[in-house]
Each structure stands twice: as C-alpha cells, then as structure tokens.
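The values are calculated or read from the model by the stated rules, or taken from the named source; none is laboratory data. Because the structure is predicted, anything quoted here is derived from the model rather than measured. Every residue, glycine among them, receives a Cβ derived from its backbone with ideal geometry; neighbour counts consider all protein chains shown.
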C-alpha cells in the first residue's frame, strides 16, 4: 500500500510538473522582452479569448497565483489590498466579455455601450406594471447617425433633446440631474434648461449651444425621475446618437398637444396579424369612432380585448369612446389636437387633399 501511495504521489507530481512546464511555455510564448506580471496576465487574457484551451486557461490562473505571491513580498502592501488586486483581476476577466448582439456592447470594451442596467426608450423594462412609468420614445432616436446639431428657433443655436413618458410625471424630478446629455466618453453638458410638459408628457433638455458635427452623444434619464404618483422609473434609460457630418439646424418640434404620447390614432379601427413576432406598440392608442381590433369590439378597460385572438402588446392605454367613460370627450380632444398639429405643418397652398386627414 505504501509503495502504491508513493507511486501515485510521484505520478501526480510528474503530471503537475508537466502542466506547469506547459503553463510556463504559454506565459512566455511570443514575448520578446520582459514585462511585469500584471501586464503578462493581461496579455495572456487576450490570448485566452483567441485560444480557449486548457493550457492557456491554466497559465492564466497560474500567473494570478504568481502575482499574489509577488505582491505578498511587498511589505508596504497590506493583505486586504493584495486580495483586492486579485479580485480586480478576476473581475477584469468577467467584465471584459464580448457584448453580443442586442447587448448594446461597446465594440472595443465589449459591454455597457449605453450604460450598465440601462435600456433605450421604447424597450421593455424587466420590471413593469400599470403604475410604473416608462420612457416610450425619444428624439433623436437611439442609433440615429444624422441628427441635426441644433434646433431652429432655439436661443444660442441650442438643440432640443426630447423624451416621452407613458404616465404623467412629477416635473420636479425631471431636471439637469436626472436628464443629461454628454459626448460619448466626455463630461456631462450643462444644459440651458430641462423642462417637462404635463399635457404631452414630454421632457425636453435644451442645450446651451449647438452640438458638434459628426460627434457621438449619449442622453440618459435615471430612475430619479418619478411619476406624478411618486413611482420611480424601474429602469435607467440611455441612448446614443451621432450628429450629421456638417452643422445643420433641424425644424422645431411639432406641437402635438394631447396626441403626443400616442403611437397609433385611427378612425377605422385596427388590424393585427398573428405572424411572429407579435406587434408591440410603445405609447397609447386612440380609436374613434370605430372601436374594433380585427373587426372585434375592443374592451372598455383601456385595452384591445380579444382582437380576434391576436391582440398586439401595448405599453400604454387604448383610448376610445368606450374608455374612459366620458362619451368620447377624451378621444375627441386627442383627435382635435392631432388634426391641429397636422394642419400647422400643411403648406399654405390650400386645405389637405381629399382622403387625407381633415380632407
């Protein structure tokens, strides 16, 4: 038995020595000059991403152990700080994974392209509910590559950055702290103003001057913004856009009035198909006078009802003469504001043509 145990130990020792030799070879492979252990670990990590094999992985952990032993020899560094460095190195491995499609990942760093735990306006927050406010839309939109550098009629050639909410918001919580704009990788800009319109549920950040041409910017709205009832946003919202290659002023926003938070307005009902992926509407819907979905009457509770078995997903409310129960006063007012907005941008040559809104 003793000889068997000794032989087993010898075998394990030889295997460990052989693995260590392979590890040493991987660590020094291709190195033309001496480097610090920390640098070598980072270089080796880069190799692991391209060579996902056991020798490279073994080498990486072996170098972390060597780094810790080396740091323990430094008398001026306390043990907690030593462990902190080891944890940071491990965090580096975990945090530098490539951002997959749809992750919003940075093409270089590989993660958090629009900020950790943030979604773009219109995306579905994991924490959702009828009383939890969301950001349903933005202007400029996320991913816009030709955004104007300023907005016509704004003092100092400033630009308007807009965000629309699903619920009435507490205006005091939408300010220069919770709604910000910055060049990507740069400092937050000091805005000329941040305001909230209770009628349209639109927050507006006005810059103090024109944005730089051909520059990437990031707008952010934090969970510090709350609804009028005091419920905070459940997700942070962040979106990136790039300005046009040359400075250009865009038109001022159209005053949609009560129609601002609506994604769909229809007088003849709506039709939705059962083809995947299912339709998702970010915003409210107004149906008046026809109150049907797939030729089936909608419910009187602010939803689409059965919709012939294919109801769309809606992050908002369906307004109609059936809901709220005011004989169509609300839906009629929304339609009136939408018509007024349409006519406000109609060329002065004459009324709309037959068949178009108001014609």
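Remarks
- Restricting segment 254-263 to residues that are in a loop (DSSP other than H, G, I, E, B) and crowded, with 17+ Cβ neighbours inside 10 Å, the residue that is nearest to the chain's Cα centre (by Cα): 261
- Note on segment 149-166: among residues that are in a loop (DSSP other than H, G, I, E, B) and buried (at least 20 other Cβ atoms within 10 Å of the Cβ), the one that is farthest from the chain's Cα centre (by Cα) is 158.
- Residue in segment 301-308 that is in a loop (DSSP other than H, G, I, E, B), under 31 Å from the mean Cα position of the chain (by Cα) and over 23 Å from residue 133 (Cβ atoms) present: yes
- In this structure, residue 183 does not qualify as closer than 14 Å to residue 220 by Cα, surrounded by 20 or more Cβ atoms within 10 Å (Cβ to Cβ) and at pLDDT 95 or above.
- Tally, over segment 280-298, of residues that are outside any strand (DSSP E or B) and surrounded by fewer than 18 Cβ atoms within 10 Å (Cβ to Cβ): 1
- Index of the failed condition, residue 230 passing every other in (1) under 19 Å from residue 123 (Cβ atoms); (2) loosely packed, with under 15 Cβ neighbours inside 10 Å; (3) out of contact with any strand residue (DSSP E or B) (no Cβ under 6 Å at 6 or more places or on another chain): (1)
- Among the residues of segment 248-266, those identified as farther than 18 Å from residue 161 by Cβ, in contact with a strand residue (DSSP E or B) (Cβ under 8 Å, 6 or more places away or on another chain) and in contact (Cβ under 8 Å) with a residue 60 or more places away in the chain are 259, 262, 263, 265.
- Hits in segment 176-216 (condition: more than 16 Å from residue 158 (Cβ to Cβ) and part of a loop (DSSP other than H, G, I, E, B)): 177, 178, 184, 185, 186, 187, 198, 199, 200, 201, 214
- Residues in segment 199-213 that are modelled with pLDDT of 95 or more, out of contact with any strand residue (DSSP E or B) (no Cβ under 6 Å at 6 or more places or on another chain) and surrounded by fewer than 17 Cβ atoms within 10 Å (Cβ to Cβ): 208, 209, 212.
- Filter result for the condition that a residue is without any contact (Cβ under 8 Å) to a residue 40 or more places away in the chain, over 24 Å from residue 135 (Cβ atoms) and touching a strand residue (DSSP E or B) at 6+ places or on another chain (Cβ under 8 Å), over 278, 290: 290
- Odd one out for residue 257, checked against (1) on the phi < 0 side of the Ramachandran plot; (2) in contact with a helix residue (DSSP H, G or I) (Cβ under 8 Å, 6 or more places away or on another chain): (1)
- With respect to the conditions (1) closer than 15 Å to residue 244 by Cβ; (2) free of Cβ contacts under 8 Å to residues at least 60 places away in the same chain, residue 198 lacks only one, and its number is (1).
- Pairing residues of segment 323-351 that are at positive phi and at pLDDT 90 or above with residues that are buried (at least 16 other Cβ atoms within 10 Å of the Cβ) and assigned to a loop (DSSP other than H, G, I, E, B), at Cβ distances under 6 Å and at least 6 apart in sequence or on separate chains, gives 328/321.
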